[in-house]
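> Have a look at the structure that comes next, please.
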Amino acid sequence: MAGGNNVARMSPRQRMINLMYIVLTAMLALNVSSDVLNGFNQVHDGLVRTNENMATKNEIQYQYLVELYAKNPTKVGPWMEKGNLLKGYSVNLLNEIDSLKLAIARQADGKKGDPENLINLDDLEAASVTMLNPSTNAGRHLKGMIDSYRENVAAMVTDSVKRAAVISMLSTSINDRKEVGAQLTWEEQMFDNMPAVAAITMLSKLQSDIREAESEALSNLITNVDIGDVRVNELNPYVIPNSNMVMRGGQYVAQVVLAAIDTTQRPNVFVNGSKIENGLLQLAANSVGVHDYSGYIEVARGDGTIDRRPFSSSYTVMEPMATISPTLMNVLYAGIENPISISVPGVAMNSVEATMTNGSLSRNGNAWVARPGQVGTEAVISVFASIDGRKQQVGSMNFRVRKLPDPLPYIPYKDVQGNTVEYKGVPQRMSKAQLMAAETIGAAIDDNLLNVTYTVESFATTFFDSMGNAIPEVSEGNRFSGRQKEQFKRLKPGSRFFISNVKAKGPDGITRNIPPLEVQLN
């Protein structure tokens, strides 16, 4: 068709002929051969069969994941949750594509159109009207669903190579070609001026890609169920007792467990910040008491990551001990605090209790103090211990309650350094000056076993004159009387006298006569 003034000079008939020529040329350019259309149809049929096979495979994988979850919900739970999400994503997208295929078929063939049996294969309007309609934006909506699906599924594939393949398979990026000065959208490239059979075939191909991506994600989820497990090659039974020492009347308690180990790769064990070799823990027992310790074990999982498991425990250190009891000397003295040592091997002191008959028993730190009651009646001390949370009696001992032994009298005086010295009679001697400085007499048991002080209530002194006559003098209380002091003045060097009839009262409240004291001067 000529341009310019030639168009103006053409007759209406010539113009019509030229216009019809242009239309015919365009129609020839747009026409698609029947061989190509039939080829699309065959490809679509193949894709439908492939999709059915992939759907069956994916359902088998999903059911296997369900079976794993039924056997161990705790372990498989996180992967089962992702599997359910994956299935939901896939079903929604596949159903959306099925609805679009049906809409294209009906646009091409009418209300009874079937995408599996398309009649008007070469319809160039059906795909565009269905997918590019501005009022529905079906193509743009489909692209958004594919993008969302791609991100969700790729996040479930841990293998970087397979993840990249999934992303590429479901890519919605567009080619960098320009059409009339503007870049086409993904939906325009896919469906604009596209024969109906080609559009439906491309949607079926998209469904095939979705099934393939779903299969990769399901395989990854199933693999991850066990990939974090610790690999073992040996199972051994172990008996772990609460204690190897059991009191009579108690219970031996132990856990019988099956331990799985990997003899080819020993775990790393750390206790109190230090690594121990071969899992053998050795701790020094240098101080008595309860000692706590903690640490962790590091073991490699099947996926190469490290599993760290913390632990803590304690042990009790006791003094080496043996119980030696003199049967004939099981004696408690009335009126004083009798120190008692009570311990139960293997049991901490704060878990030990004790009671006493015929008196009272109290704890003083880790020691005990017994205060017996009636003299001549036995006192029984019973010991109880809390073992494994249960209080039980672990022993008892009978003690005879006796009055305190008689003390011995003495004269206290000061030496040249000002220290108090106790004169306890011959063969010791004392000076006349020391005797004159003395004011009282005392009585005590100070044999380094029982250090008990008595109160002197009265005593008498007996002096002898030059004729050998005895001169007695009596004192009430523990102080020397004036008459006794006068007798001291008359004593000559080497003289001696006696202190007798001493009455002393002990802490048991009993007043007794105690042995006399012979005094000799230097």
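> Specify which of the listed residues (Ser148, Ser171) is open to solvent by 50 Å² or more (accessible area, probe 1.4 Å), hydroxyl-bearing (Ser, Thr, Tyr) and assigned to a loop (DSSP other than H, G, I, E, B).
Ser171
> The conditions are (1) surrounded by 14 or more Cβ atoms within 10 Å (Cβ to Cβ); (2) of a type outside the set (S, T, N, Q); (3) outside any helix (DSSP H, G or I), and Pro134 fails exactly one of them. Which is it?
Result: Pro134 fails condition (1) only.
> Same structure, new question: Search the range 262-301 for residues being hydrophobic (A, V, I, L, M, F, W, C) and not in a loop (DSSP other than H, G, I, E, B), and hand back the single one that is most open to solvent (accessible area, probe 1.4 Å). Spell out the reasoning first.
From the range 262-301, those hydrophobic (A, V, I, L, M, F, W, C) are 269-271, 276, 280-281, 283-285, 288, 290, 297, 299-300; that's our starting set.
Now restrict to residues that are not in a loop (DSSP other than H, G, I, E, B): 269-271, 276, 290, 297, 299-300.
Numbers: Val269: 18, Phe270: 40, Val271: 11, Ile276: 32, Val290: 90, Ile297: 62, Val299: 36, Ala300: 32 Å².
Of everything passing the filter in the range 262-301, Val290 is most open to solvent (accessible area, probe 1.4 Å).
> State which residue is most open to solvent (accessible area, probe 1.4 Å) when the search covers only the range 363-393 and only residues that are within 14 Å of Ser343 (Cβ to Cβ) and outside any strand (DSSP E or B).
Selected residue: Asn366.
> Next up: Would you confirm whether any residue within the range 429-450 is in contact with a Ser or Thr (Cβ under 9 Å, 6 or more places away or on another chain), outside any strand (DSSP E or B) and surrounded by fewer than 16 Cβ atoms within 10 Å (Cβ to Cβ)? Break it down stepwise before answering.
First, pick out the residues of the range 429-450 that are in contact with a Ser or Thr (Cβ under 9 Å, 6 or more places away or on another chain): 432, 441-446.
Subset that is outside any strand (DSSP E or B): 432, 441.
Cutting the leftovers down to surrounded by fewer than 16 Cβ atoms within 10 Å (Cβ to Cβ) gives us 432.
Within the range 429-450, one or more residues are in contact with a Ser or Thr (Cβ under 9 Å, 6 or more places away or on another chain), outside any strand (DSSP E or B) and surrounded by fewer than 16 Cβ atoms within 10 Å (Cβ to Cβ).
> Among the candidates Pro237, Pro267, single out the residue that is at pLDDT 70 or above and closer than 18 Å to Asn278 by Cα.
Values: Pro237 fails: closer than 18 Å to Asn278 by Cα.
Exactly one residue qualifies, and that residue is Pro267.
> Right, next: Of all residues in the range 304-320 being farther than 17 Å from Gly279 by Cα and open to solvent by 70 Å² or more (accessible area, probe 1.4 Å), which is modelled with the lowest pLDDT?
Pro320
> Do we have any residue at all in the range 36-47 that's under 38 Å from the mean Cα position of the chain (by Cα) and either open to solvent by less than 70 Å² (accessible area, probe 1.4 Å) or at pLDDT 95 or above (or both)?
no
> Now for a separate question. Counting only residues that are open to solvent by 70 Å² or more (accessible area, probe 1.4 Å) and touching a residue at least 40 places away in the same chain (Cβ under 8 Å), how many does the range 48-74 have?
Taking the range 48-74 and keeping what is open to solvent by 70 Å² or more (accessible area, probe 1.4 Å), we get 49, 52-53, 56-57, 59-60, 63-64, 67, 69-71, 74.
Subsequent filtering for residues that are touching a residue at least 40 places away in the same chain (Cβ under 8 Å) retains 57, 64.
Residues flagged as open to solvent by 70 Å² or more (accessible area, probe 1.4 Å) and touching a residue at least 40 places away in the same chain (Cβ under 8 Å) within the range 48-74 amount to 2.
> Here's a follow-up. Report, by residue number, each residue of the range 484-522 that is among the polar types (S, T, N, Q), open to solvent by 80 Å² or more (accessible area, probe 1.4 Å) and more than 19 Å from Asn469 (Cβ to Cβ). If you could, list the steps in order and put the result at the bottom.
Taking the range 484-522 as the starting set, the residues that turn out to be among the polar types (S, T, N, Q) are 484, 487, 495, 500-501, 511, 513, 520, 522.
Cutting the leftovers down to open to solvent by 80 Å² or more (accessible area, probe 1.4 Å) gives us 501, 513, 522.
Answer for the range 484-522, where residues must be among the polar types (S, T, N, Q), open to solvent by 80 Å² or more (accessible area, probe 1.4 Å) and more than 19 Å from Asn469 (Cβ to Cβ): Asn513, Asn522.
> If you check Phe459 against the conditions, is it aromatic (Phe, Trp, Tyr), free of Cβ contacts under 8 Å to residues at least 40 places away in the same chain, surrounded by 15 or more Cβ atoms within 10 Å (Cβ to Cβ) and part of a strand (DSSP E or B)? Spell out the reasoning first.
Details: aromatic (Phe, Trp, Tyr): yes; free of Cβ contacts under 8 Å to residues at least 40 places away in the same chain: no; surrounded by 15 or more Cβ atoms within 10 Å (Cβ to Cβ): yes; part of a strand (DSSP E or B): yes.
Judged against the criteria, Phe459 is not a match.
> Now for a separate question. Val426 versus (1) surrounded by 13 or more Cβ atoms within 10 Å (Cβ to Cβ); (2) touching an Asp or Glu at 6+ places or on another chain (Cβ under 7 Å): which is the lone unmet condition?
So the condition that Val426 fails would be (1).
> Can I ask one more? Restricting attention to the range 327-342, which residues are closer than 10 Å to Trp368 by Cβ, assigned to a loop (DSSP other than H, G, I, E, B) and among the polar types (S, T, N, Q)?
Hit for the range 327-342 is Ser341, nothing else.
> Go through the range 149-167 and count every residue that is free of Cβ contacts under 8 Å to residues at least 12 places away in the same chain and within 17 Å of Val91 (Cα to Cα).
Taking the range 149-167 first, the residues free of Cβ contacts under 8 Å to residues at least 12 places away in the same chain are 151, 155, 160-161, 163-164.
The next check asks that each one be within 17 Å of Val91 (Cα to Cα); those that pass are 151.
The number of residues fulfilling the criteria is 1.
> Quick check on Lys492: is it basic (Lys, Arg), modelled with pLDDT of 90 or more and in a strand (DSSP E or B)? So that I can check it myself, show each step before the final result.
Working: basic (Lys, Arg): yes; modelled with pLDDT of 90 or more: yes; in a strand (DSSP E or B): no.
Taking the combined requirement at face value, the residue does not satisfy it.
The values are calculated or read from the model by the stated rules, or taken from the named source; none is laboratory data. Note that this is a predicted model, so its numbers are computed, not measured. All Cβ positions, glycine included, derive from the backbone under ideal geometry; neighbour counts span all protein chains shown. Remember, those area values only see protein heavy atoms, side chains included, never the ligands or the DNA or RNA. Shrake-Rupley method; radii C 1.70, N 1.55, O 1.52, S 1.80 Å.
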